[in-house]
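The values are calculated or read from the model by the stated rules, or taken from the named source; none is laboratory data. This one's a predicted model, so the numbers in the text were calculated from it and none came from an experiment. Virtual Cβ from ideal backbone geometry, glycine too; neighbours counted across all protein chains shown. For the accessible areas, the whole protein counts, side chains as well, though only heavy atoms, and no ligand, DNA or RNA atoms are used. Shrake-Rupley method; radii C 1.70, N 1.55, O 1.52, S 1.80 Å.
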Amino acid sequence: MNDTPRRLTHPNLNAPVLDWWARDYDHVFVVLNPFFRVPGTPPESVRWTTGGGSMLLADTPDALTAEAPDGFDEVVKTTGRPVRWSHVAQGVGAMDFTHFARTVWLWVIGAEAPDHDLALAEKLARYCQAEGLYKPEEDWLPLVLEPALARYLQAVGIDEVTLWDEWRETSLLCPSEAFSRDEPPVTLVDEGPVSAVSAPGLLLSWAQSDVAGLLAITEDMRARVDPARHFEGFWASARTGSAVFDPEETAPALLH
């Protein structure tokens, strides 16, 4: 890990992301892992973990104990439909997006915090159950985000990327078109999860127990395409730490 160049590493816990990558990238866009629907398979009907992680998406009190059917990851990627955080915030009546985003993060990872808004978390649970929504995936590249990533890479003119594991010990070259909706889920060797995607001038990285990726890009990459055209999120400020929603600096304004 010590030999991994800074341009490929995820920032240390709560390190200012723009400082961390200052020598290699000019901007960081925080990519929110979407809420999503899977037509015909609401979250309360199946228990499912993704990418080798520990997150249980179906955690409502009346959830069935049935395991996800074989190939469910592919079903999620090919048929899953992203739902924006802003749409969910509106659905639960959350007016303060910063507060809403922190509540979503604590709710998804199951963390306890003195300021955790339990009433809003309960609203989120009820709303997602009523609307058939899965929580945002955590820890890794979300399956439902892959098609958007394919479109973004095509827009910036990148035909091939490198996939990385969490510790940057395993990597794999991958054509950008592999992220397209009609392709199988993208994985590392032995079906391991993808923690980062890199190409010259670009790194998209996720950390454990987080629900947003950090897209670090050069000025040239930003000039080619605005990431907000393809992902829901916001630009990191000078105070944004790698633990985006913990505890002080989050989204100054959500970009639509």
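Miscellaneous remarks
- Any chance L32 is hydrophobic (A, V, I, L, M, F, W, C), modelled with pLDDT of 75 or more and open to solvent by less than 70 Å² (accessible area, probe 1.4 Å): yes
- Residues of segment 3-20 that turn out to be open to solvent by less than 60 Å² (accessible area, probe 1.4 Å) and either of a type outside the set (A, V, I, L, M, F, W, C) or under 14 Å from P200 (Cα atoms) (or both), as a count: 7
- Within segment 74-91, the residues that satisfy the criterion of being under 21 Å from K123 (Cα atoms) and surrounded by fewer than 19 Cβ atoms within 10 Å (Cβ to Cβ) are R84, S86, H87, Q90, G91.
- One residue from E131, E183, E138 being closer than 20 Å to F97 by Cβ and surrounded by fewer than 17 Cβ atoms within 10 Å (Cβ to Cβ): E131
- Just one of the numbered conditions (1) assigned to a helix (DSSP H, G or I); (2) modelled with pLDDT of 95 or more is not true of V75: (2).
- Any chance V197 is within 18 Å of E160 (Cβ to Cβ) and in contact (Cβ under 8 Å) with a residue 60 or more places away in the chain: no
- Of the criteria (1) in contact (Cβ under 8 Å) with a residue 24 or more places away in the chain; (2) touching a helix residue (DSSP H, G or I) at 6+ places or on another chain (Cβ under 7 Å); (3) part of a helix (DSSP H, G or I), which one T103 fails: (1)
- For E131: the one exception among (1) modelled with pLDDT under 95; (2) touching a strand residue (DSSP E or B) at 6+ places or on another chain (Cβ under 9 Å): (1)
- Only listed residue being farther than 23 Å from L173 by Cα, free of Cβ contacts under 8 Å to residues at least 24 places away in the same chain and surrounded by fewer than 23 Cβ atoms within 10 Å (Cβ to Cβ), chosen from A223, A243: A223
- Residue count, segment 106-124 (criterion: surrounded by fewer than 17 Cβ atoms within 10 Å (Cβ to Cβ) and part of a loop (DSSP other than H, G, I, E, B)): 7
- Inspection of segment 200-212 identifies at least one residue that is open to solvent by less than 30 Å² (accessible area, probe 1.4 Å), among the charged types (D, E, K, R) and out of contact with any Gly (no Cβ under 9 Å at 6 or more places or on another chain).
- Yes/no for E146 being assigned by the TED database to the domain that holds P227, open to solvent by 10 Å² or more (accessible area, probe 1.4 Å) and in a helix (DSSP H, G or I): no
- So V161, is it β-branched (V, I, T), surrounded by fewer than 19 Cβ atoms within 10 Å (Cβ to Cβ) and in the same structural domain as Y25 (by the TED database): no
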